Every structure is written in C-alpha cells, then in structure tokens.
Amino acid sequence: MFILVARITDNCLFVMKGILADVLKCLGDNKKHMRESALTALDSWVAAAQLDKMVPYIIVSLGDQKTGSEGRKDLFDWLSKHVSKMGDPSEALPLLKPSASSLMVLV
C-alpha cells in the first residue's frame, strides 16, 4: 500500500476516491492490527496528498455507524494528531461538526 501511495501526484488524485474509502472502511474491523494498518496507510496518504484533500472522505468515515466506536476513536485520535500540525487552523473547520457528532456516538 505504501508504494502505491508514495507514487501519487496531483495529477492522479482521482485514485483517492476508491482506495482511500476502502482504507477508511478498514477502521471498522474488529482486529486492532487491521485498524493500525489502516492508520499507517492514512499516514502515507497525508504525506503524499495532504490532509485537506482527504477531509471529504474522513468526514464520511467519522459519521459512518459501520465504522464502530473503536475505529472512530482511532480515526479521531489520528486526526487530532494531524490537525495539530496544520499551519492554518481554519483548514480544520470542515471537520468540526462531523468530529463532534462522532464523539456523541462514542459516549
């Protein structure tokens, strides 16, 4: 997976639509190893494509009940780690509502 992600350029980000959605679905897996592998793949995506291009897909995953509470928690932890590294905090505004809704489900 990392080799594929490392080769992604701005010209072929359309690949993100299918593959990133599948990676995010792996967060709904019961096995912790699978969720950790998905988070590692997301780290590779951030390095190749920037977080702002991933936001629409992350929003869908945060609101998806099939992801499961552990997967949403893992995604929220991962997201908070990367949002804190953003230069402009306003870039994270689209994530506020889905993140808050996801937290309500976790409780």
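Among the residues here, GLY63 does not qualify as touching a residue at least 12 places away in the same chain (Cβ under 8 Å), small (Gly, Ala, Ser) and crowded, with 16+ Cβ neighbours inside 10 Å.
Residues in segment 44-55: is at least one polar (S, T, N, Q), within 23 Å of LYS97 (Cα to Cα) and crowded, with 19+ Cβ neighbours inside 10 Å? Within segment 44-55 (the criterion being polar (S, T, N, Q), within 23 Å of LYS97 (Cα to Cα) and crowded, with 19+ Cβ neighbours inside 10 Å), the answer is no, since none of the residues qualifies.
Read-outs throughout are calculated quantities, based only on the coordinates presented, and are distinct from any laboratory measurement. Model, not experiment: these values are computed from the prediction. Neighbour counts are summed over all protein chains in view; Cβ atoms, including those assigned to glycine, are modelled from backbone coordinates with ideal geometry.
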